[in-house]
Amino acid sequence: MKTVCAASVVLGREAFAPLGEVVIAPDREINAAIVRDADALITRSKTTVNRALLAGSSVRFVGTATAGFDHFETDWLEQAGVTWYNAAGCNANSVAEYIATALLHLAQRDGFKLAGLTLGIVGVGQVGSRVAQKARLLGLRVLLNDPPLAEKTGDPLYRPLEEILPQCDLLTLHTPLERKSAHPTFHLADEKFFQQLKPGAIFLNASRGEVMDTAAVLAALQSGKVRRAICDVWENEPVISRELLAAAVLGSPHIAGYSYEGLYNGTVQCHAALCRHFGLAPQWTPPRSVTHPTLPAIETDATGVALETALARVILAAYDITADDRNLRGGAQLDDKAWGKHFDALRKNYPERREFAARTARIQNASPLLLALLRGFGFQAEVA
């Protein structure tokens, strides 16, 4: 069989070459000619998969090594008899670690405590549920909104948006992009949304750019309704709003889910799904572990340091989120074409970022509570 695989798919050649011919192509250069005689296509979010790409091709399976699938024209794929697959949950922990890191950075930067504040989570799927778990470790009160889950489960834990927004000191979006469902999320964060939000709240979006209305976010920031905004995703990627980036306290190029583990999981899941679809015995054995044995231990001293500050020092040493912000802003003076290429290049050439479970933290004078919190975040934590 022949598989076309986007270049950004981690270990793509290793995973799919054992099944037959594999063609590796740059994500945005995958076109109708390249896929015409392929049996399968494996992508990430930069490749739009629709009628224009696949009509007349022999492709019968399309997989995306991402949790989101709004780059797939699913209605057409189903009508055309093309099986599609998204790697749900593959990078959920990576995104949750991004949110925790961003919140700790901001709290340390602005001199406030997270513990005791209220965080609203809109969208409580695989990502949102992990964000909730980490938020509780940070001592945050968590409010959840997920209308589909509320309908499915009847669980009163899921509250209406109009109820939670006025209570939120912090609000983070983790919904898929839905335009036609019973609960559409396109421009969910619009002018009305921000009017209901508690004044001075902090707004985060690491879901999809189109879930927020850029103009509404800017207006909320300019009026002070939103005190700070943290954005990993944007409308009109890769040519994103420079104005919103300038107004945001942290901005990154759609990389919240780009931990090595998250990318790796996406490939593993797509490989398994493709084999199931074609009735093939898997010919690739993924590495048993992606733990890097040579990562240096994070060492710090907790003597006389507040618990949240000590935790922040370790987490910010494991992931320097400000580097992602600086790198993105570094291209803001470019013209539109070059600006879009800059955004894409940051994603394509993103340095390896390991999840907390791959790191050891050695802390002098660490309290049992600090060690327990670090282990809750996944670190191998020990007293130095």
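Values in this text are rule-based calculations from the coordinates and carry no lab data. None of these values were measured; they are calculated from a predicted model. Here the Cβ is made from the backbone with ideal geometry for all residues, glycine too, and neighbour counts use every protein chain on show.
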When the distances between all Cα atoms of the stretch 304-345 are binned every 5 Å from zero, what whole-number percent does each bin get?
5, 20, 18, 13, 11, 9, 10, 7, 4, 1, 0
Which net charge results for the neighbourhood of GLU29, defined as the other residues with beta-carbon distances under 14 angstrom from its beta-carbon, given Lys and Arg at +1 and Asp and Glu at -1?
+3
Take every Cα pair under 8 Å in the stretch 1-110 that's 6+ residues apart, average their separations, divide by the length, and report that relative contact order as a whole percent.
21
Give the residue from HIS277, ALA372, THR360 lying farthest towards the positive end of the charge dipole for the stretch 270-384; charges sit on Cβ (+1 for Lys and Arg, -1 for Asp and Glu) and the dipole is referred to the Cα centre.
HIS277
log10 I(q)/I(0), Debye, Cα-only the stretch 10-132, no solvent, q = 0.12, 0.18 Å⁻¹?
-0.59, -0.95
Taking amide H positions as placed 1.01 Å from N in the peptide plane, with prolines and chain starts having none, which residues 5 or more places from VAL142, or on another chain, fall under 5 Å of its amide H?
LEU119
So which aspartates and glutamates can LYS348 reach, going by Cα to Cα under 17 Å and dropping same-chain residues fewer than 8 places off?
ASP27, GLU29, ASP232, GLU237, GLU261, ASP324, ASP325
Evaluate Rg over Rh across the stretch 298-383, taking Cα atoms for both radii and Kirkwood's formula for Rh.
1.17
Can you compute the charge dipole magnitude of the stretch 298-383 about its Cα centre, using +1 on each Lys and Arg Cβ and -1 on each Asp and Glu Cβ, nothing else charged? Give it in debye, rounded to the nearest 20.
200
Consider all pairwise Cα distances in the stretch 40-85 and report the whole-number % of them above 14 Å.
36
Would you mind working out the magnitude of the charge dipole of the chain relative to its Cα centre, with +1 at each Lys and Arg C-beta and -1 at each Asp and Glu C-beta, to the nearest 20 Debye?
480
I need to check one value: relative contact order of the stretch 298-383, counting alpha carbon pairs closer than 8 Å and at least 6 residues apart, in percent.
40
log₁₀ I(q)/I(0) of the stretch 92-251 at q = 0.13, 0.15, 0.17, 0.18 Å⁻¹, via Debye over equal Cα point scatterers, no solvent, to two decimals?
-0.54, -0.74, -0.98, -1.12
Using the Cα centre of the stretch 145-259 as origin and beta-carbon charges of +1 (Lys, Arg) and -1 (Asp, Glu), tell me which of TRP234, PRO147, SER223 is placed farthest towards the positive end of the dipole.
SER223
Cut-off 15 Å between beta-carbons: net charge of the residues surrounding ILE363, Lys and Arg +1, Asp and Glu -1
0
For ILE298, residues with placed amide H under 5 Å, excluding near neighbours:
THR360, ALA361, ARG362
Residues of the stretch 100-137 with amide N under 18 Å of a point placed 7 Å along Cα→Cβ from LYS152
121-133
When only Cα pairs under 8 Å and 6 or more residues apart are kept, what is the percent relative contact order across the chain?
14
Taking the alpha carbon gyration tensor of the stretch 198-272, what are the square roots of 5 times its eigenvalues, largest first, to the nearest whole Å?
29, 12, 10
Kindly write out, for the stretch 96-107 in residue order, the coupling ³J(HN,Hα) from the Karplus curve 6.51 cos²θ - 1.76 cosθ + 1.60 (θ = phi - 60°), rounded to whole Hz, with x marking Gly and Pro.
5, 5, 4, 4, 4, 5, 4, 5, 5, 4, 5, 4
